[in-house]
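The values are calculated or read from the model by the stated rules, or taken from the named source; none is laboratory data. In this text, all values refer to a predicted model and were calculated from it rather than measured experimentally. These area figures cover heavy atoms from the full protein model, side chains too; ligands, DNA and RNA do not enter into them. Shrake-Rupley method; radii C 1.70, N 1.55, O 1.52, S 1.80 Å.
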Amino acid sequence: MEKKLSDISLGAACRISAIGAEGLMRRRLMDLGFVPGTKVECLRRSPAGDPTAYLVRGTVIALRKEDASCVYIY
């Protein structure tokens with residue numbers, strides 16, 4: 001079973017294995033630094049639970065759960 005970025009807990013770190021999105025969303029995620037092999041750390045979630053802030057290549061990026069579920073991790 002593949003884990004998704006949206007499934008990791010606060011403070012956890014992981015590496016990206018694949019991007020499941022296509023088209024413009026795939027390009028956007030990759031432009032933001034979400035490329036296979038990159039380390040990602042889950043920093044914080046909004047009070048409502050969406051979006052979540054991730055540390056990627058020294059930059060904090062907030063992703064909605066829908067978008068984070070397109071990023072597969074190991």
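Numbers for the structure displayed
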| quantity | calculated |
| --- | --- |
| Percent accessible area from carbon and sulfur atoms, the chain, protein chains only, probe 1.4 Å | 52 percent |
| The chain: relative contact order as a whole-number percent, Cα under 8 Å and 6+ apart | 43 percent |
| Residues with amide H under 5 Å from that of Ser17, placed H, sequence gap 5 or more | Gly37, Tyr72, Ile73, Tyr74 |
| Computed [θ] at 222 nm, deg cm²/dmol, the chain (DSSP H ≥ 4; -39,500 (n - 2.57); rounded to nearest 500) | -4000 deg cm²/dmol |
| Of [x] 0.97; [y] 1.10; [z] 1.21, the label for Cα Rg over 2.2 N^0.38 Å derived from the coordinates | [x] |
| Probe 1.4 Å, protein heavy atoms only - accessible area per residue of the chain in square angstrom | 61 Å² |
| Sequence of Cys14, Cys70 when ordered by accessible area, the most exposed leading, probe 1.4 angstrom | Cys70, Cys14 |
